[in-house]
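Q: This structure is in structure tokens; I'll ask about it shortly.
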There are 2 protein chains.
Amino acid sequence: MRRQFLYNQIRRLSLAELNQNVLNAKYAVRGSIPIRADELSEQLKKDPKSLPFKKIIYANIGNPQQLDQKPLTWFREVLSVLQNPNLLDKGIYKRDVEERARRLLNDVKSLGAYSNSSGSAYVRKTVARFMDERDGFKSDPANIFLTNGASTSVSYLIDVLSTGKKSGFLIPIPQYPLYTASISLNGATPLFYYLNESNEWSTDPKQIKNIVVKAESEGIDVKALVVINPGNPTGALLSAEDIAGIIDVAAQHDIILIADEVYQNNIFQGEFVSVKKVLCELLEKDYEKYKHVKLASLNSTSKGFSGECGQRGGYMELFGFPAFFKDVIFKLASINLCSVVSGQALVDLLVNPPQEGEPSYELYEKESADVHSTLEQRANALFSAFKEMEDVSCNMPMGAMYLFPRLHFTESEYPELFKIAETKEVPVDEIYCLELLEKTGICTVPGSGFGQVPGTYHVRTTFLAPGSDWVTSWTDFHKKFVNHYKIKK
Amino acid sequence: MRRQFLYNQIRRLSLAELNQNVLNAKYAVRGSIPIRADELSEQLKKDPKSLPFKKIIYANIGNPQQLDQKPLTWFREVLSVLQNPNLLDKGIYKRDVEERARRLLNDVKSLGAYSNSSGSAYVRKTVARFMDERDGFKSDPANIFLTNGASTSVSYLIDVLSTGKKSGFLIPIPQYPLYTASISLNGATPLFYYLNESNEWSTDPKQIKNIVVKAESEGIDVKALVVINPGNPTGALLSAEDIAGIIDVAAQHDIILIADEVYQNNIFQGEFVSVKKVLCELLEKDYEKYKHVKLASLNSTSKGFSGECGQRGGYMELFGFPAFFKDVIFKLASINLCSVVSGQALVDLLVNPPQEGEPSYELYEKESADVHSTLEQRANALFSAFKEMEDVSCNMPMGAMYLFPRLHFTESEYPELFKIAETKEVPVDEIYCLELLEKTGICTVPGSGFGQVPGTYHVRTTFLAPGSDWVTSWTDFHKKFVNHYKIKK
């Protein structure tokens with residue numbers, strides 16, 4: 001082996017020469033705090049006793065199988081046959097596993113073949129049927145696009161709709177930062193509407209309407225309105241009434257609706273109602289009023305009880321869009337050839353699970369119910385801990401896999417904390433998250449990474465990590481933090 | 001089930017309101033002719049006797065497993081265990097299959113967990129070692145990024161480097177249209193250099209230098225130079241000498257090199273030499289001269305003898321880049337969370353196959369050699385057919401999986417053909433490909449989709465389809481086509 005050449009000196013390339021839209025994009029879920037967590041994790045591998053904790057608890061990202069969640073047997077058995085069809089007819093798997101594998105192979109031929117750029121025709125039909133049964137309204141498989149998780153769907157939509165700085169996208173605050181990142185990448189303008197923390201992070205259609213009117217008066221072409229339901233990072237669930245209010249704004253102002261519904265299977269309180277269902281009900285009542293509304297609905301195999309993040313399965317339905325728009329999305333998808341075919345198959349397995357009476361039914365039901373109840377217990381345990389913490393308030397999540405507690409820190413009560421934040425030029429909640437990480441190994445994301453009402457501070461944490469030790473160590477940390485920074489009265 | 005609501009009337013959305021860069025992007029490999037092929041395929045399903053052929057031969061895209069290529073046993077056995085680790089210790093698989101599966105699971109934990117956004121640390125180390133052994137120079141795993149096929153790597157690079165219309169990218173003509181599409185999406189400027197058809201589609205560094213000088217004098221900031229080696233669609237192989245000439249231009253003008261080397265395992269004549277190897281040899285000779293050269297090298301699991309297109313595995317090495325550049329690429333990757341983890345595992349299986357003495361070695365060697373010799377035979381058979389066709393010339397491919405025969409059609413000899421093309425406002429070779437499709441079911445892509453010297457016409461076809469019937473029917477079609485359109489002397 002000859003020598004290794006390393007990067008040595010920069011003659012030409014500078015940050016200023018790169019795409020400024022890319023440089024402006026921010027994605028805190030894998031930003032500075034998670035990067036620091038990775039450094040600490042490496043340090044622990046080399047010297048396990050060098051830090052006051054034994055391992056990093058990755059609570060920054062909804063990644064259940066990185067923690068201890070087991071994949072569902074049904075998914076993995078069928079996928080293993082798709083990878084190796086020689087496993088068929090060996091008495092290894094149940095009848096319905098083999099049948100489904102055969103059906104999928106019949107359509108995709110091999111996981112190693114590019115599919116159609118919008119995805120397998122068979123799987124798109126299954127998805128349409130799933131939505132039919134969920135909502136009671138007929139869907140068209142030609143409107144379904146299978147993508148690498150829901151992230152790719154979001155990118156496609158915002159790429160196609162962006163026409164520069166004057167194109168506006170309505171985004172909830174707090175939001176999942178993929179939205180602001182995609183808007184930045186396109187040099188478009190985010191228009192923020194605030195969720196109401198004091199009322200379970202609810203959405204106010206009137207506020208949205210006011211923002212639209214103001215933006216339009218300033219010459220902004222409002223392209224689309226994003227709703228995240230169940231909410232990320234808030235865990236809020238939209239009521240059918242609020243959804244109807246949002247659709248009214250979309251109808252009146254010709255704004256495309258983007259419904260991010262990837263947590264539709266993570267429901268702890270209340271009932272999930274899809275935007276599609278409410279829209280179809282409104283169309284039944286007053287077709288003329290709503291016939292122009294265009295709705296893109298997103299779903300994913302990464303969330304729900306499946307938690308198959310790394311498999312990159314997802315889809316979107318484009319409802320009410322003209323054919324040319326779908327053609328443009330198809331072209332964008334075709335430039336990347338197709339989404340991963342095993343992920344497409346997983347979408348099929350998720351939306352069309354074993355039915356009662358089939359051999360895999362009972363285990364599937366048991367495993368998915370177990371995942372659900374485990375998540376609910378962990379959500380409750382963490383929620384109870386936050387309720388007890390000084391200067392912290394928290395809404396109980398109705399859905400999703402996050403808690404977004406508020407830190408009631410004020411400059412008058414926490415002067416030193418605010419001074420440090422000012423010196424380091426970072427928000428107060430980032431200092432909190434960084435100290436939490438350095439002292440306990442718990443990796444979270446500051447509320448500033450998701451957006452929040454100016455002057456308020458939050459932390460986003462998943463409730464996926466097993467055990468109660470980490471909750472206890474967070475509680476201890478918080479006590480010491482408040483004790484250290486809060487002025488004694 | 002209630003009624004189905006269909007798209008009905010457009011009030012607002014028009015093409016003019018969409019992102020013009022997206023509208024301008026073209027991707028012929030899945031463009032109008034393949035879309036027409038899908039329509040014909042649907043027609044055949046409904047009425048098998050309605051067309052003069054029984055099935056569509058998809059020769060438009062390098063998609064071996066859509067035709068009859070079987071996946072390699074080694075890949076699929078390990079991947080099936082990764083999907084279902086319960087298959088371990090059951091006596092189903094050989095020792096090395098189980099060992100590799102354990103090693104990969106040890107690193108990624110589960111295929112269902114998001115990995116690091118640059119990919120599994122273990123797989124990145126394997127890739128670095130593979131390149132070390134291939135080239136004889138040491139690589140750094142920190143420079144490796146695992147992506148969804150090579151397409152995503154290309155998108156990231158061109159996205160990050162584009163700063164509007166004044167940013168130029170040197171692209172070979174003919175080219176793989178992903179490049180022009182990505183440049184269009186960013187509103188940047190493609191700078192075309194022509195490959196020399198009369199000399200086996202060779203690359204001329206002097207021509208490239210002249211184009212750079214001219215572009216710079218016109219105020220274009222030349223960002224990067226793309227080489228595709230082995231060539232797509234040409235099948236050409238770059239010599240070490242020409243690579244050195246290209247590196248010289250890059251060094252003199254501070255241009256980033258993008259080496260698309262996804263066909264490095266599809267070699268039929270001569271030897272593949274990587275750009276990295278030549279660059280490192282030049283660095284050994286004259287470090288000062290070459291120390292600023294930055295090289296992005298791409299590879300994929302979709303091509304070679306694996307042909308696992310639908311699994312979306314790929315990687316790039318960023319050699320000689322400053323840390324901030326890699327940070328920006330990491331951020332872009334993190335917005336999409338991570339590439340598909342099963343595709344990452346497949347990269348490992350491809351670059352680190354079973355070694356002599358291991359249980360899976362013999363079968364792996366046999367299967368990969370079989371794929372290779374089958375491809376070579378098919379290339380030769382199709383090449384021979386083109387040599388016999390009237391007004392057709394063709395270079396024998398040295399690598400890749402395509403032939404790019406030239407159609408020597410002139411307006412004086414084929415006046416009616418040129419008139420039809422003019423009326424339909426499409427290039428002459430598109431008429432040829434469309435008639436070929438309608439008469440024989442063979443789906444190809446016109447040379448105009450890849451770029452060609454103005455006034456020349458070509459067809460790109462893969463040589464992946466099995467059997468000789470389709471070659472015969474192409475030959476028959478061509479005779480009739482010439483007979484119909486060519487003026488009798």
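Every number in this text was worked out from the coordinates using simple rules, so none of it is lab data. Because the structure is a prediction, the values reported are computed rather than measured. Here the Cβ is made from the backbone with ideal geometry for all residues, glycine too, and neighbour counts use every protein chain on show.
Q: Report the FRET efficiency, 1/(1 + (r/R0)^6), for B:Ser373 and A:Asp68, where r is their Cβ-Cβ distance and R0 is 60 Å, rounded to 0.05. Spell out each step's value before the answer.
A: Values: r = 48 Å, r/R0 = 0.79.
Once rounded, the FRET efficiency stands at 0.80.
Q: With only Lys, Arg, Asp and Glu charged, each at its Cβ (+1 for the first two, -1 for the last two), find how big the charge dipole of segment A:250-306 is about the Cα centre; round to the nearest 20 debye.
A: Values: 7 positive and 8 negative charges, 21 e Å.
Approximately 100 debye in magnitude.
Q: Let me ask another. With unit charges on the beta carbon (Lys/Arg positive, Asp/Glu negative), name the residue among B:Phe319, B:Thr147, A:Gln43 whose Cα is farthest towards the positive pole of the charge dipole of the protein assembly as shown.
A: Towards the positive end, the residue furthest out is B:Phe319.
Q: Enumerate the aspartates and glutamates that A:Lys424 could reach by cross-link, defined here as Cα to Cα under 18 Å, with residues fewer than 8 away along the same chain left out.
A: A:Glu411, A:Glu416, A:Glu435, A:Glu438
Q: Whole-Hz Karplus ³J(HN,Hα) for segment B:348-355, in order, using 6.51 cos²θ - 1.76 cosθ + 1.60 and θ = phi - 60°, x for Gly and Pro?
A: So the Karplus estimates, Gly and Pro as x, are 4, 5, 6, 8, 9, x, x, 9 Hz.
Q: Over the Cα atoms of segment A:341-428, what radius of gyration and what Dmax do you get, in Å?
A: 21.6, 64
Q: Still on this model: Choose one of B:Val227, A:Gln355, B:Asn106: the residue whose Cα lies farthest towards the positive end of the charge dipole of the protein assembly as shown (beta-carbon charges +1 Lys, Arg; -1 Asp, Glu; about the Cα centre).
A: The Cα lying farthest towards the positive end belongs to B:Val227.
Q: Measure out, as a whole number of angstrom, how far apart the alpha-carbon centroids of segment A:335-354 and segment B:308-326 sit.
A: Spelled out, the Cα-based centre of one part sits 24 Å from the other.
Q: Using only DSSP helix segments of four residues or longer, with each worth -39500 (n - 2.57), what per-residue ellipticity at 222 nm results for the protein assembly as shown after dividing by its residue count and rounding to 500?
A: Mean residue ellipticity at 222 nm (helix-derived): -14000 deg cm²/dmol.
Q: Something else now. Arranged by the count of other C-beta atoms within 10 angstrom, fewest first, what order do B:Ser368, B:Ser167 take? All intermediate terms of the calculation are to be shown ahead of the outcome.
A: Values: B:Ser368 17, B:Ser167 21.
Placing the least packed residue first, the sequence is B:Ser368, B:Ser167.
Q: Assuming a strict under-17 Å limit between Cα atoms, what lysine pair count do you get for segment A:97-229 once near-sequence pairs (fewer than 8 apart, same chain) are dropped?
A: Taking segment A:97-229 as the scope, the lysine pair count is 9.
Q: Please compute the contact order of chain B in relative form: average sequence separation of alpha-carbon pairs under 8 Å and at least six residues apart, divided by the residue count, as a percent.
A: Numbers: 856 pairs, mean separation 103.0, N = 489.
Over chain B, the number comes to 21 percent.
Q: Amide H to amide H, which residues 5 or more places from B:Lys303 or on other chains are under 5 Å from it, using H placed in the peptide plane?
A: Residues meeting the criterion, in which the H sits 1.01 Å from N, are B:Glu308.
Q: Now a separate question. Fewest to most neighbouring Cβ within 10 Å: what's the order for B:Ser473, B:Ser412, B:Ser118? Spell out each step's value before the answer.
A: Working: B:Ser473 18, B:Ser412 7, B:Ser118 22.
Ordered by Cβ neighbours within 10 Å, fewest first: B:Ser412, B:Ser473, B:Ser118.
Q: Next question. Report the Cα-based extents of the protein assembly as shown along its three principal axes, largest first, to the nearest Å.
A: Largest to smallest, the principal-axis extents are 104, 71, 66 Å.
Q: What FRET efficiency comes out for the pair A:Glu413/A:Lys45, r = Cβ-Cβ distance, R0 = 30 Å, nearest 0.05? Please report the intermediate quantities before stating the final value.
A: Details: r = 39 Å, r/R0 = 1.31.
That pair, A:Glu413 with A:Lys45, gives E of 0.15.
Q: If you find the alpha carbon centre of segment B:423-478 and of segment A:149-181, how far apart are they in angstrom?
A: 39
Q: More than 16 angstrom separation, counting every C-alpha pair in segment B:306-374; what % is that?
A: On the way: 1503 of 2346 pairs.
The answer is 64 percent, as a whole percent.
Q: Separate question: Treating chain A as a set of equal point scatterers at the Cα positions, no solvent, please give the Debye-formula log₁₀ I(q)/I(0) at q = 0.06, 0.11, 0.12 Å⁻¹.
A: -0.30, -1.01, -1.18
Q: Report ³J(HN,Hα) in whole Hz for each residue of segment B:447-458, in order, from the Karplus equation J = 6.51 cos²θ - 1.76 cosθ + 1.60 where θ = phi - 60°; Gly and Pro get x.
A: My calculation for segment B:447-458 gives x, 4, x, 10, x, 7, 4, x, x, 9, 9, 9 Hz in order.
Q: Let me ask something additional. For segment A:95-351, just the Cα set please: Rg and Dmax, both in angstrom.
A: Looking at segment A:95-351, its Cα Rg and Dmax stand at 17.9, 62 Å.
Q: Just subtract the alpha-carbon distance of A:Lys165 and A:Glu284 from 0.36 nm times their residue separation and send over the number in nm, one decimal. Don't skip to the end; give the middle numbers.
A: Working: separation 119, 0.36 × 119 = 42.84 nm, distance 3.68 nm.
Going from the current span to full extension adds 39.2 nm.
Q: Convert each backbone phi in segment A:361-378 into a coupling constant with the Karplus relation 6.51 cos²θ - 1.76 cosθ + 1.60 (shift: θ = phi - 60°), then list the ³J(HN,Hα) values in order as whole Hz, x for Gly and Pro.
A: Once rounded to whole Hz, the list reads 4, 4, 5, 4, 4, 5, 4, 6, 5, 5, 4, 4, 6, 4, 4, 5, 4, 5.
Q: A further question on this structure: Could you list the trypsin sites (Lys or Arg not before Pro) in segment A:229-327 that lie in coil according to DSSP, counting only those with at most 16 other Cβ atoms within 10 Å of their Cβ?
A: A:Lys291
Q: At q = 0.12 Å⁻¹, what base-10 log of I(q)/I(0) does the Debye formula yield for segment B:108-200 when every alpha carbon is treated as an equal point scatterer in vacuo?
A: -0.58
Q: Size of the dipole of chain B about the Cα centre, Lys and Arg at +1 and Asp and Glu at -1 on the beta carbon, nothing else charged, in debye to 20?
A: 1640
Q: Using Cα pairs under 8 angstrom and six or more residues apart, how large is the relative contact order of segment B:179-321, in percent? Present the calculation step by step, with values, prior to reporting the outcome.
A: Numbers: 204 pairs, mean separation 26.5, N = 143.
Dividing the mean separation by the residue count of segment B:179-321 yields 19 percent.
Q: Now a separate question. Output, in nm with one decimal and in ascending order, the distances from the B:Thr456 label point to the matching label points of the other copies (7 Å from Cα along Cα-to-Cβ).
A: B:Thr456 label point versus its equivalents elsewhere: 6.5 nm.
Q: Same structure again: So, with +1 on the Cβ of K and R and -1 on the Cβ of D and E, and no other charges, what is the size of the charge dipole of the protein assembly as shown about its Cα centre, to the nearest 20 debye?
A: 260
Q: Based on other C-beta atoms within 10 Å, arrange A:Ser198, A:Ser300, B:Ser334 from fewest to most.
A: Fewest to most other Cβ atoms nearby, the residues stand as A:Ser198, B:Ser334, A:Ser300.
Q: While we're on this one: From the C-alpha coordinates alone, can you work out the Kirkwood hydrodynamic radius of segment B:342-489, in Å?
A: On the way: mean 1/r = 0.0570 Å⁻¹.
After inverting the pairwise mean of 1/r, the radius is 17.5 Å.
Q: Next question, about the same structure. Long-range amide H contacts for A:Val222: which residues qualify at under 5 Å (H placed 1.01 Å from N, peptide plane, sequence gap of 5 or more or a different chain)?
A: A:Gly168
Q: What is segment A:95-351's relative contact order, in percent, from Cα pairs under 8 angstrom and six or more apart in sequence?
A: After rounding, I find 25 percent.
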